[in-house]
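K.L.:
Take this structure first; my questions come after.
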Amino acid sequence: MSATFSPIPVIAWFYLVILTSLGLILRRTQSPFLLIGILLYLISFELLARMARTSPFIPYELGKYLLCAGMIWGIFKFKPKGKEGWIMLLCLIPSAFIDFSGQVSSSDLVFNILGPINVALVVIFFYKQRITTRQLSHLIRLVIYPMLGVLGYTIIKSPDFKDVEFALGANVDWSGGFGSNQVSTLFGLGAFFMFILMINRWKFSGYLLLDALILFAFTFQGLLTFSRGGMLGAVLGIIIVLFFLRKAPLKERKKYGLPNIGKYVLPAILVAVVAYITVDEITGGMLSLRYQGETMGTLAGSKAKSINTVTTGRFEIFEGDISLWVDHFFLGVGAGASRFLRETMTGTVAHVELSRLLAEHGVLGFIYFLILCRLGIQLFKSSPNPLIKGILMALFLVAMYTSFHAAMRTFVTPALIGLSLLSIKLPEPKKISPTKGRAKVEMLS
């Protein structure tokens, strides 16, 4: 709330958290949990800091810089096991010294290459780090807290419904005057995380009704941005979790105490559906048309509906990047150079990380992507608990999906890939001693 009228409180709070956390980070401990928790909390301030215009006190690319520094510190401190990440890092090195456009500045280089570097670093650091299910719930909460700040900011900054004329395009008015794609991505992630907490009975606020209200708020405000990517990511994550829940045999349901879909899952889905229906009603059906890929041009008949109009130009960017890869197959055109050399959508930054990797890193970018896919496939063996396995798979696939509509411009993709690679230690089943068991039987008889 304070960020709506001054950046000072956000800056003060951010550095207060850093200063009071240094002792915890520097403490000698075998567990990386504290470092992971503090980093996830701090990098989640990225969007709120951008909205509050805290630069240069809080860097615009906060998530990238902080995550990179934290991962380097963690790698030296904890000696992690993610060897694949080192190969991914090596694949990125040549493109840092190539520039076929002659127009890439140092800021362009950092903007484009630091995201993939962070993904490689989280693979090194997070891979098979052991935490408990309780600690996983804490990490999810820590990511949500700063998201509530962004939610509050956009609600306060949003205009009255009667003052806005909804159109078939991203709506900056309902994203706090900021990039609707980034805001939608964050709210979609917030809705997905609230869903995970609710179905696991991991209470966020302590009150189920208030948790449902927060889920509704994330969904409602995210839909109002009219930016589809983030909200579709939330739907994707929920479908993946439900898939693993539904396919779990009865024996595993009982063994792991999996949630009853009718009792815990359906209410959460109902909240999201009500939010969609409400926004669609407020916008006079424009929301449904937006999610059908319609534009003012396609409705008027002046423009044909195509995969490019549905993806808001992303497919054209993808095609341009692939053409660059064909011409510079082995080493690519260099990090950050594709936007200047692409024949289609020239000057537009890449929105699809895969095509950017291929265009700018060549075959090495393809190898990088294959390693990432291999790590995702390994998640099918990540946990015997179907719900935990579903959550880890959902985190990974939502991260990959986000990189296909927002590239790696925010902390979302590296953070979710890191969380998906954790090894979750399940709680030991409670055992009743023979003596207690006999005493209980005798008492009942």
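The values are calculated or read from the model by the stated rules, or taken from the named source; none is laboratory data. As the structure is a computational prediction, the values presented were derived from the model and not from experiment. Ideal geometry is used to build each Cβ from the backbone, glycine not excepted, and the neighbour counts take in all protein chains shown. These accessible areas exclude ligands, DNA and RNA; they are computed on the full protein's heavy atoms, side chains included. Shrake-Rupley method; radii C 1.70, N 1.55, O 1.52, S 1.80 Å.
K.L.:
Please indicate, with yes or no, whether at least one residue in segment 363-384 is open to solvent by 30 Å² or more (accessible area, probe 1.4 Å) and basic (Lys, Arg).
P.N.:
Yes, segment 363-384 contains at least one residue that is open to solvent by 30 Å² or more (accessible area, probe 1.4 Å) and basic (Lys, Arg).
K.L.:
Scan segment 1-25 for residues that are at pLDDT below 90, under 12 Å from Ile38 (Cα atoms) and open to solvent by 40 Å² or more (accessible area, probe 1.4 Å) and jot them down.
P.N.:
Leu22, Gly23, Leu24
K.L.:
Select from segment 216-227 the residues that are buried (at least 24 other Cβ atoms within 10 Å of the Cβ) and touching a residue at least 60 places away in the same chain (Cβ under 8 Å) and write down the one among them that is nearest to Gly390 (Cα to Cα).
P.N.:
Phe218
K.L.:
Give segment 304-331 a look and list any residue that's in a loop (DSSP other than H, G, I, E, B) and either surrounded by 13 or more Cβ atoms within 10 Å (Cβ to Cβ) or within 25 Å of the chain's Cα centre (by Cα) (or both), or say none.
P.N.:
Selection gives Lys305, Thr311, Thr312, Gly313, His328, Leu331.
K.L.:
Please state which of the following conditions Leu39 fails to meet, knowing it meets all the rest: (1) open to solvent by less than 40 Å² (accessible area, probe 1.4 Å); (2) closer than 21 Å to Ile156 by Cα; (3) modelled with pLDDT of 90 or more.
P.N.:
Checking Leu39 against (1) open to solvent by less than 40 Å² (accessible area, probe 1.4 Å); (2) closer than 21 Å to Ile156 by Cα; (3) modelled with pLDDT of 90 or more, the one that fails is (2).
K.L.:
One residue is enough: does segment 333-351 have a residue meeting the conditions touching a Leu at 6+ places or on another chain (Cβ under 9 Å), among the β-branched types (Val, Ile, Thr) and either within 28 Å of Ile238 (Cα to Cα) or open to solvent by 30 Å² or more (accessible area, probe 1.4 Å) (or both)?
P.N.:
Within segment 333-351, not a single residue is touching a Leu at 6+ places or on another chain (Cβ under 9 Å), among the β-branched types (Val, Ile, Thr) and either within 28 Å of Ile238 (Cα to Cα) or open to solvent by 30 Å² or more (accessible area, probe 1.4 Å) (or both).
K.L.:
Condition check: assigned to a helix (DSSP H, G or I) and either among the charged types (D, E, K, R) or more than 27 Å from Leu121 (Cα to Cα) (or both). Does Glu343 satisfy that?
P.N.:
No; evaluated as a whole, the condition is false for this residue.
K.L.:
Can you pull out every residue in segment 77-104 that is in contact (Cβ under 8 Å) with a residue 12 or more places away in the chain, among the small types (Gly, Ala, Ser) and either under 13 Å from Phe340 (Cβ atoms) or open to solvent by 90 Å² or more (accessible area, probe 1.4 Å) (or both)?
P.N.:
The answer is Ser101, and nothing else.
K.L.:
Just to be sure, is Tyr127 open to solvent by 20 Å² or more (accessible area, probe 1.4 Å), of a type in the set (Phe, Trp, Tyr) and over 20 Å from Leu62 (Cα atoms)?
P.N.:
It is true that Tyr127 is open to solvent by 20 Å² or more (accessible area, probe 1.4 Å), of a type in the set (Phe, Trp, Tyr) and over 20 Å from Leu62 (Cα atoms).
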